[in-house]
Amino acid sequence: MCSILGVFDLRPADDLPELRRRALAASALQRHRGPDWSGVHASPAGILVHERLAIVDPAGGSQPLVDPWKERVLAVNGEIYNHREVTEALESARRASGQEPWPFQTGSDCEVLLPLLAHEGPSGLRRLNGIWAFALLEPRRGRWIVARDPVGVMPLYRGRDREGRLWVASEMKAISDLCSHLEVFPPGCVLDSESGALRVFRPRRWRPATSAAGPEGAKVRKGPEPLQAVEGRPGCTPLPSPPTGRTEGAVAVRRGLEAAVRRQLMSDVPWGVLLSGGLDSSVVAACAARFARRRVEDDGRTEAWWPSLHSFAIGLEESPDLEAAAQVAGHLGTTHHGFTFSIQEGLDAVPDVIRHIESFDVTTVRASVPMYLLARRIRAMGVKMVLSGEGADEVFGGYLYFHRAPSPEAFRRETERKVRDLHLFDCLRANKSMAAWGVEARVPFLDLEFLDLAMELEPALRMPSAGPGGAIIEKALLREAFVGTLPDELLWRQKEQFSDGVGYGWIDALREHATSRVDPAEMARAAERFPLSPPGTAEAFWYRSIFQEHFPGDQPAATVPSGPSIACSSPEALAWDPSFGTRADPSGRSVSGVHRASLEPGEAAPPGISRLRGR
C-alpha cells in the first residue's frame, strides 16, 4: 500500500518551487498509506509525489521510478501480480525486433509499467492482473497518463483547481481543499493528456457459458489480448467454454481461487490473513496455508522467509466471528491472533474512521471501525500485508437478500451491479481501513483471472442452493468447492456481514449512541442541512455530520453512494420482495426468514431497538 499524488497541466507562469511545496504538503496528508519512504519529481511538465509502503524489494524499488533514459517518471500505488509474465512477453518482443533487453533497475513488480507503456502506450494496460493506480509523466514531451485498475481496489481521486491544473491523489483528503472540482477516478479507465479523453481500457463483458460461443465451442473473450500480442495486434483470446455442470464448476472455482491466492503471496515482508471465521476469509486462509511455506517469487524452490502463517480476527467479547475464527485457525494450523474491542473503543474511533475511509455510508462505517482497530494491532506486530475475503459476496451472491432473487437473470444483473460498485463500498473499506495504519489488503476473490472465471459461470450455479441438510444457503457453489478443506460446521456456517459478525451488540450500540446524540429537531431538518443525499436515520445523520466536518461542501459528499438498500442490496434489488421497501436496513439480519437471528418486522426502521429472534 502506497499513495500517489500528481499535479499536471502546469502553466508557464507557475511558481514551480511553491507548487512543489504545496504538493508535498498535500501528499503528507496520505502518508499513513506509505510511511516507509517519500519521493518527489518536479518539472515544468508536472509533479509526482510518492509515499511508499515497502513490500516487494524493500531495499530498492523506491519511487517515483525513472527509466534509464529519463524519458518517463512513474508513481504507482499497487501490485502487479503477473509482472513476470508481462516482462517475459515484452522481452520476447524486444528480441524479435532486434532490441536489447529492457534495463530494469529495481526488483519492483511495478517497474514493468515503464517498458509496457513505452511499447504499447495505454492499450497495454489490459494485460495487467493486479491492483493499482498510477500516474506517469513524460517530462520532455509534456505528456502524462493516469489510470486505475479495472475493479478499483486501489483508490484514486481527481480534481481541477481554480487555475485549471489537474490534481490526482490516492485519497480525497489530499486534494479536497485544493480543488474547485472533485470526483472519483473511475476504475478500469485511463486518462491520457494526448487525447484528453477518459477511456475504458478493459471493458467488462462477462457472458455466461451458454450465451456466447466462438468456433468449435470456444468461448471468445473480447477483453484482454493474449500476452504474445505485445505489438498491439487486434485479436481475441479463445478460452475453453466455462463449466456448465455443478461439479465441474466447483472444481474450476477451487483451482481458480487457489491460483489467485498463490499469485498474490508475493512479498518480501511479513504477511498474514484476515480470518473472521466466515466462509470467504476461511477459504482464502485455507488456500494461503497450502502455499505459505515456500516462496512464490521463485516458484517454490526455496523456503518462505516467514513460513508460519499468521491469522488475525477481531470482535466484541463472545462475538460469533471470534469463536468461528479460532476454530478455523485451529483446523488450518495458523498462528492465530484474536483481538477484542469494547463498544466504547469502537464509538471513540468513529470520527477517525470516517476521516480515513472518506465515506458516510452506513454499512461501510459500521464494518470499517473493527477493521481499522484490527489494522492497528496487525501493524504493531510488524505485518505489512494481509489477504482478505472481499468480493466473494458480490461474485457468488452471498448477501442474504440474494435468497429472494426471482430468476438467474436477475441474479446475474445484480452481481454485476455489485461488482461494478465495489470500489465505493467493500474495496474502499478494506483498503482505507487497513491503509490507515500502513497495512496493505489484497483481495484474491477480485483477482482478474478468477473474477472472469467466476462471473462467466452460469448464474444458476452461483445462486443460493440446497446445502447438506436440504436448507437453501448462499454461496453454495463456493462451499462445495472447498468440501474436505474445512470442517462442515464451519464450511456451511451462514453468512454474517462483518459488522454483524463482530458482535450483534455493535450495530445496536451504534444506533443507540446516534439516537442519543442527534436531536429530533435536527433530524427533522436533515434535508435542509444535507440537501444532497439527506440522511434518513439518526445513525446516518451522525456519520454525515462527522464527514461534513472533515470534507465540507457538496463535491466530497457526491463521491459517496446513496440510495435505499436492504442487507447491502442495490436499490434495484428492492423490487424483489414487497417487504424490502418497508424494512430497508444495511444489516443482513433485516432479511426476514433467512438469517437465524433476523430482525423482527418493523425493527430495522427505528434505530436503537435491538429485539432479536434466535439470538
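Values in this text are rule-based calculations from the coordinates and carry no lab data. These figures come from a predicted structure and were not determined experimentally. Please note: Cβ atoms are built from the backbone with ideal geometry, for glycine as well, and neighbour counts cover all protein chains shown.
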Original post:
When Lys and Arg each count +1 and Asp and Glu each count -1, what net charge do the other residues less than 14 Å away from Asp348, Cβ to Cβ, add up to?
Top reply: +1
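Can you tell me how region 73-148 classifies by the Cα gyration tensor, rounded, prolate or oblate, using a/c under 1.5 as the rounded cut?
Details: a/c = 1.67, a/b = 1.20, b/c = 1.40.
In terms of gyration-tensor shape, oblate.
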Subject >> Sequence ranges 441-450, 104-113, 41-50, ranked by mean other-Cβ count within 10 angstrom, highest first >> reply: 441-450, 41-50, 104-113
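Work through the residues other than Arg246 whose Cβ is under 10 Å from its Cβ and net out their charges, Lys, Arg +1 and Asp, Glu -1.
Numbers: positive: none; negative: Glu248, Glu458, Glu480.
Every neighbour counted, the sum reads -3.
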**OP:** Evaluate the relative contact order of the chain (contact order divided by residue number), counting alpha-carbon pairs under 8 angstrom at least 6 apart; express in whole percent.
**Re:** 12 percent
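Could you tally the net charge around Glu163, taking each other residue with its Cβ under 15 Å from the Cβ of Glu163, Lys/Arg +1 and Asp/Glu -1? Working shown, then result.
On the way: positive: Arg11, Arg22, Arg160, Arg162, Arg165; negative: Asp9, Asp14, Asp15, Glu18, Asp161, Asp177.
For residues surrounding Glu163, the net value is -1.
Only bridges with both residues in the chain count here: give the DSSP antiparallel percent, nearest 5. Mind showing how you got there, number by number?
On the way: 53 of 69 bridges.
Given both bridge residues lie in the chain, the antiparallel proportion sits at roughly 75 percent.
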Original post:
What are the principal axis extents of the Cα atoms in region 244-494, in Å, biggest first?
Top reply: 47, 46, 31
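Just to check, using Stokes-Einstein with a Kirkwood Rh over alpha carbon pairs, what's the diffusion coefficient of region 3-200 at 10 °C and 1.306 mPa s in µm²/s?
Details: Rh = 16.8 Å.
It comes out at roughly 94 µm²/s.
Quick one: if the Förster radius is 22 Å, what FRET efficiency do Arg255 and Glu85 give, using the C-beta to C-beta distance and rounding to 0.05? Write out the running numbers ahead of the final one.
Working: r = 18 Å, r/R0 = 0.82.
E between Arg255 and Glu85, to the nearest 0.05, is 0.75.
Run the count for the chain, please: Lys pairs, Cα-Cα under 18 angstrom, 8 or more apart or on different chains.
Details: Lys173/Lys432; Lys384/Lys432; Lys418/Lys475; Lys418/Lys495; Lys475/Lys495.
Value for the chain: 5.
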Original post:
With labels modelled as points extended 7 Å from the Cα through the Cβ direction, what inter-label distance (nm, one decimal) is found for Ser43 paired with Glu345?
Top reply: 4.9 nm
Original post:
Taking square-rooted eigenvalues a ≥ b ≥ c of the alpha carbon gyration tensor, is region 238-286 rounded, prolate or oblate, where a/c under 1.5 means rounded and, failing that, a/b exceeding b/c means prolate?
Top reply: oblate
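Just check the chain against the gyration tensor rule for me: Cα atoms, a ≥ b ≥ c as the square roots of the eigenvalues, rounded for a/c under 1.5, and otherwise prolate or oblate depending on whether a/b exceeds b/c. Show your work: numbers first, answer last.
Values: a/c = 1.58, a/b = 1.21, b/c = 1.31.
Because a/c hits 1.5 or more and a/b fails to exceed b/c, the chain counts as oblate.
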Original post:
Regarding region 508-590, what is the average projected area of its C-alpha convex hull, in nm²?
Top reply: 6.0 nm²
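Using just the helices of the chain, give the 222 nm mean residue ellipticity in deg cm²/dmol: DSSP H runs with n ≥ 4 each add -39,500 (n - 2.57), and the total is spread over all residues, rounded to 500. The partial results should precede the final answer.
Values: 21 runs with 208 residues, N = 615.
Only helices count here, giving -10000 deg cm²/dmol.
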Original post:
How would you order 1-7, 64-70 from highest to lowest mean count of nearby Cβ atoms within 10 Å?
Top reply: 1-7, 64-70
